[in-house]
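Asker: Quick one: the structure is below, questions incoming.
The values are calculated or read from the model by the stated rules, or taken from the named source; none is laboratory data. A quick note: this is a predicted structure, and the numbers were derived from the prediction, not measured. Don't worry about glycine lacking a Cβ; one is built from the backbone with ideal geometry, like all the others, and counts go over all protein chains shown.
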Amino acid sequence: MSIGLLKEAGIAVPAGMVASSSEEAYSVAKQIGTKDLVVKAQVLAGGRGKGTFEGGLKGGVRIVYSPEEARDISSQMIGRKLYTKQTGEAGRICNQVFICERRYPRREYYFAITMERSYQGPVLIGSSQGGVNIEDVAAESPDAIVKEPIDIVEGIKMEQAVKVAQKMGFPAALVNEAAENMVKLYNLFIKYDASMVEINPMVEDASGIVMCMDAKINFDSNSEYRQKMVFNMRDWTQEDPRDQQAAKADLNYIGLDGTIGCLVNGAGLAMATMDIIKLHGGTPANFLDVGGGATAHQVTEAFKLITSDRKVQAILVNIFGGIMRCDVIAQGIIMAVRDLDLKIPIVVRLQGTRVDDAKALIAASPLKILACDDLDEAAKMVHMSTLLANSFLLPLH
């Protein structure tokens, strides 16, 4: 998809197509018309090249020398899970492969466009060191990173792109061509409401042209209503099932590695809640913002999400009812605990609109829900609950 968008924008990319079966891979390889090919597993995870497939195939990026070999390698990728450092033990299913011509770069560069709060807008990021992990470059050679902020109202100027290309070390004869590609990439970034466009590597090809060999594009989820073409192509098999569940329920959810589930309204309050949990010795299992207009149904879905993580040993609910009514949240909590037959400790801290009604609902329910007005005390209580659960080896799910 990313390479297709680049090609549509008039940016030079290796000739290639996506295949969904080994026979289609064979057909695509024949159409490309060269016997020097690359087969890339279309898996949404970093470290593909060093990954391992079910069945034992090593590497999600393989060089092949015939359509027959492309078919053979594709058959060992498609329909199988690829395990990388990013995927962990869960792995990611490979549904498609990208077959493309092999190019021979003289030199590799790194280029990206991303949103940075510190610059209050988009920033061009470049480096003379492409084809490697940019985080490693930033840590080991920070001077090798070039940054150029762009005024989002005025847009990118050619002289800005030229300056970045020069600092990245492109030969003088290719500076303008590289800069033109950067301008096209910026226009793509704006057109599709991207939050990041990463080209790694951007290369000086052996034929003397500038090419983008690989691309990763992240899109702003808030733009789904006007970027339907992009979001209709979303492959949920490449994402955590909980992310799909959260998207369907219109919840903002990010899974973490801790043991205390969090249900909060408002991103700022959610982050503060996670900080307070950490301050008192606990570890958050997730970030979950139910937003300002959550319904009882959404609260139930939020609890389903949280408890689908087997590591969760307790839940802290922290709601400030401004737009949100506390009694609606309380109804959702009671419904979720009853319907899901939850056994894990739940600590609830509610403040704001109709909080007294909410407290009355919780107090009247036969369920064991711990109410607390003070956030510090609530964080201590939920952490203590996890310690007790571990001490007595309670069955939590």
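Asker: With more than 16 Å from Val197 (Cα to Cα) and either among the charged types (D, E, K, R) or surrounded by 13 or more Cβ atoms within 10 Å (Cβ to Cβ) (or both) as the only criterion, which of Ser128, Ser141 stands out?
Answerer: Ser128
Asker: Can you find a residue that is in contact with a Lys or Arg (Cβ under 8 Å, 6 or more places away or on another chain) and in a loop (DSSP other than H, G, I, E, B) anywhere in segment 91-100?
Answerer: yes
Asker: I'm checking my understanding of the structure. Among residues of segment 16-49 that are in a strand (DSSP E or B) and small (Gly, Ala, Ser), which one is surrounded by the fewest Cβ atoms within 10 Å (Cβ to Cβ)?
Answerer: Gly16
Asker: Further question: Looking only at segment 142-180, how many residues end up being assigned to a helix (DSSP H, G or I) and among the charged types (D, E, K, R)?
Answerer: 6
Asker: Same structure, new question: Looking at the structure I just gave you, is Ile306 surrounded by 15 or more Cβ atoms within 10 Å (Cβ to Cβ), modelled with pLDDT of 90 or more and in contact with a helix residue (DSSP H, G or I) (Cβ under 6 Å, 6 or more places away or on another chain)?
Answerer: For Ile306, the condition - surrounded by 15 or more Cβ atoms within 10 Å (Cβ to Cβ), modelled with pLDDT of 90 or more and in contact with a helix residue (DSSP H, G or I) (Cβ under 6 Å, 6 or more places away or on another chain) - is not met.
Asker: Go through segment 146-161 and count every residue that is aliphatic (A, V, I, L, M) and over 27 Å from Glu135 (Cβ atoms).
Answerer: Counting residues in segment 146-161 that are aliphatic (A, V, I, L, M) and over 27 Å from Glu135 (Cβ atoms) gives 2.
Asker: Still on this model: Hey, could you check segment 235-257 for residues that are under 12 Å from the mean Cα position of the chain (by Cα) and of a type in the set (D, E, K, R) and say which is modelled with the highest pLDDT?
Answerer: The qualifying residue modelled with the highest pLDDT is Asp243.
Asker: Continuing with the same structure: Testing Cys262 on (1) assigned by TED's automatic domain parsing to the domain that holds Ile323; (2) under 15 Å from the mean Cα position of the chain (by Cα); (3) part of a strand (DSSP E or B), one condition comes back false. Which one is that?
Answerer: With (1) assigned by TED's automatic domain parsing to the domain that holds Ile323; (2) under 15 Å from the mean Cα position of the chain (by Cα); (3) part of a strand (DSSP E or B) applied to Cys262, the lone miss is (2).
Asker: Against the condition within 19 Å of Thr273 (Cα to Cα) and either assigned by TED's automatic domain parsing to the domain that holds Cys262 or in a helix (DSSP H, G or I) (or both), how does Arg310 come out, does it pass?
Answerer: So Arg310 does not fit the description; no.
Residue-wise test of (1) touching a strand residue (DSSP E or B) at 6+ places or on another chain (Cβ under 7 Å); (2) closer than 21 Å to Ile3 by Cα; (3) exposed (fewer than 13 other Cβ atoms within 10 Å of the Cβ).
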| site | (1), (2), (3) |
| --- | --- |
| Lys191 | no, yes, yes |
| Pro201 | yes, yes, no |
| Asp235 | no, yes, no |
| Ala247 | no, no, no |
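Asker: Still on this model: Looking at segment 50-90 only, could you name the residues that are under 14 Å from Thr237 (Cα atoms) and assigned to a loop (DSSP other than H, G, I, E, B)?
Answerer: Ile78, Gly79, Arg80, Thr87
Asker: Look through Leu361, Leu367 and report the one residue that is touching a helix residue (DSSP H, G or I) at 6+ places or on another chain (Cβ under 7 Å) and surrounded by 15 or more Cβ atoms within 10 Å (Cβ to Cβ).
Answerer: One residue alone meets the criteria, Leu361.
Asker: Can you spot a residue in segment 152-170 that is touching a residue at least 12 places away in the same chain (Cβ under 8 Å) and within 24 Å of the chain's Cα centre (by Cα)?
Answerer: Looking for residues that are touching a residue at least 12 places away in the same chain (Cβ under 8 Å) and within 24 Å of the chain's Cα centre (by Cα), one finds at least one in segment 152-170, hence yes.
Asker: Okay, next question. Out of Ser118, Ser128, I need the residue that is in the same structural domain as Asp193 (by TED's automatic domain parsing), in contact with a Phe, Trp or Tyr (Cβ under 8 Å, 6 or more places away or on another chain) and of a type in the set (Ser, Thr, Tyr). Which one?
Answerer: On inspection, the qualifying residue turns out to be Ser128.
Asker: If you go through segment 365-383, how many residues are modelled with pLDDT of 90 or more and among the aliphatic types (A, V, I, L, M)?
Answerer: Total meeting the criteria: 5.
Asker: Sort out which residues of segment 142-171 are more than 16 Å from Ser127 (Cα to Cα) and out of contact with any Pro (no Cβ under 7 Å at 6 or more places or on another chain), and write them in order of number.
Answerer: Scanning segment 142-171 gives Asp151, Val153, Glu154, Gly155, Ile156, Lys157, Met158, Glu159.
Asker: Could you please give the count of residues in segment 325-375 that are part of a loop (DSSP other than H, G, I, E, B) and charged (D, E, K, R)?
Answerer: Count: 7.
Asker: For the subset of segment 220-231 comprising residues that are more than 17 Å from the chain's Cα centre (by Cα) and in a helix (DSSP H, G or I), which member is surrounded by the most Cβ atoms within 10 Å (Cβ to Cβ)?
Answerer: Here the answer is Lys228.
Asker: Another question, then. Which one is nearest to the chain's Cα centre (by Cα), of the residues in segment 1-36 that are under 20 Å from Glu108 (Cα atoms) and hydrophobic (A, V, I, L, M, F, W, C)?
Answerer: This residue is Ile3.
Asker: On to the next question. Is it the case, given these coordinates, that Leu393 is modelled with pLDDT under 90 and within 27 Å of Lys278 (Cα to Cα)?
Answerer: Yes, satisfied.
Asker: Answer yes if at least one residue in segment 58-72 is within 21 Å of Val210 (Cβ to Cβ), touching a Gly at 6+ places or on another chain (Cβ under 8 Å) and not aliphatic (A, V, I, L, M), and no otherwise.
Answerer: No, every residue in segment 58-72 fails to be within 21 Å of Val210 (Cβ to Cβ), touching a Gly at 6+ places or on another chain (Cβ under 8 Å) and not aliphatic (A, V, I, L, M).
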